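Once you've had a glance at the structure underneath, I'll fire off some questions.
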Amino acid sequence: MRKFYSICLILVLAVKAMGQEDYNKTIFNIKGDLNKDGLADLVIVKANTNDKHHPYSLEILFAKNGGGYESVFSSLKTVMPKFSDGDERTELILEKLQIVKGVLIFTNQRIRGNMTHKFRYQNGNFELIGYINRNAGNEYIDNTEINLSTGLKTVWHEPYGEIKNTPKKVSLEKYKPLPRLQDFIPLGSSHLGRNGVQKEL
């Protein structure tokens, strides 16, 4: 029986290792202090170029005082696949990944616009504190900026050419509890609430 369990454990570890090895190309490898301990943490995004969907893996590692890193977050869904339908069409692509003043910033490029999501490590999670969306329409660019920490939401239209921007619509919303990185849905402004129900910002 003990031999049987040993064989099962070896198989499980082998399958897990194979899954990690599938992500064969490093797309981003950035460093910065995410948990305010003065150490440079590590964020890695890798791509599986052998899969027709071209999926990505995300891993966040905190630096340890004695050297080395400890993995604190990993996901195969946070970064949207390059070819989500398995063809040559790309709906969303991670264009930039940054750490600025302890905030992890994802900038995703769409066909006619871009989105920025800002996550800060607090309360034991990476929580969404900022969201920016720019979407190009036929007559103007729709802009939405949300500071989830303060609840301030600003919406305005940016016409093409020399026409002035429309007045900004400012409102206060309640975003409690804040969305977490593990509940993040890359395409759009959706996230899964703590009760598992999909919500819009």
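From the list THR90, THR78, which residue is at pLDDT 90 or above and either touching a helix residue (DSSP H, G or I) at 6+ places or on another chain (Cβ under 6 Å) or open to solvent by less than 60 Å² (accessible area, probe 1.4 Å) (or both)?
THR78
Related question: Can you give me the number of residues within the stretch 32-44 that are of a type in the set (D, E, K, R) and in contact with an Asp or Glu (Cβ under 7 Å, 6 or more places away or on another chain)?
Quick first cut of the stretch 32-44, residues of a type in the set (D, E, K, R) only: 33, 36-37, 41.
Next cut, in contact with an Asp or Glu (Cβ under 7 Å, 6 or more places away or on another chain) only: 33, 41.
Number satisfying all stated conditions: 2.
Can you report the number of residues in the stretch 161-183 which are at pLDDT 85 or above and open to solvent by less than 100 Å² (accessible area, probe 1.4 Å)? Working first, answer last.
Taking the stretch 161-183 and keeping what is at pLDDT 85 or above, we get 167-183.
Applying the additional criterion that residues be open to solvent by less than 100 Å² (accessible area, probe 1.4 Å) yields 170-171, 173, 175, 177-183.
Adding up the residues that qualify gives 11.
If HIS157 meets every condition in (1) open to solvent by 90 Å² or more (accessible area, probe 1.4 Å); (2) assigned to a strand (DSSP E or B) apart from one, which number is that one?
(1)
In the stretch 31-58, how many are within 14 Å of the chain's Cα centre (by Cα) and open to solvent by less than 60 Å² (accessible area, probe 1.4 Å)? Quick ask: steps written out before the conclusion?
As a first pass, look at the stretch 31-58 and keep what is within 14 Å of the chain's Cα centre (by Cα): 43-46, 55-58.
If we keep only those that are open to solvent by less than 60 Å² (accessible area, probe 1.4 Å) as well, we get 43-45, 55-58.
Final tally of qualifying residues: 7.
Among (1) under 28 Å from ARG194 (Cα atoms); (2) among the basic types (Lys, Arg); (3) touching a strand residue (DSSP E or B) at 6+ places or on another chain (Cβ under 6 Å), which single condition is LYS101 missing?
Unmet condition: (3).
While we're on this one: Quick check on ASN143: is it surrounded by 17 or more Cβ atoms within 10 Å (Cβ to Cβ), in a strand (DSSP E or B), among the polar types (S, T, N, Q) and more than 16 Å from the chain's Cα centre (by Cα)?
On the way: surrounded by 17 or more Cβ atoms within 10 Å (Cβ to Cβ): yes; in a strand (DSSP E or B): yes; among the polar types (S, T, N, Q): yes; more than 16 Å from the chain's Cα centre (by Cα): yes.
So ASN143 fits the description; yes.
Right, something else. So, in the stretch 1-47, how many residues would count as being in a loop (DSSP other than H, G, I, E, B), modelled with pLDDT under 95 and among the polar types (S, T, N, Q)?
Let us first name the residues in the stretch 1-47 that are in a loop (DSSP other than H, G, I, E, B), namely 1, 22-24, 33-40.
When the remaining residues are screened for being modelled with pLDDT under 95, the result is 1, 22-24.
From what is left, the residues that are among the polar types (S, T, N, Q) are 24.
Qualifying residue count for the region: 1.
The values are calculated or read from the model by the stated rules, or taken from the named source; none is laboratory data. Bear in mind that the values here come from a model prediction, so they are computed numbers and not experimental data. Note that each Cβ is placed from the backbone with ideal geometry, even for glycine, and that neighbours are counted across all protein chains shown. Note: areas computed on protein heavy atoms with side chains; ligands, DNA, RNA excluded. Shrake-Rupley method; radii C 1.70, N 1.55, O 1.52, S 1.80 Å.
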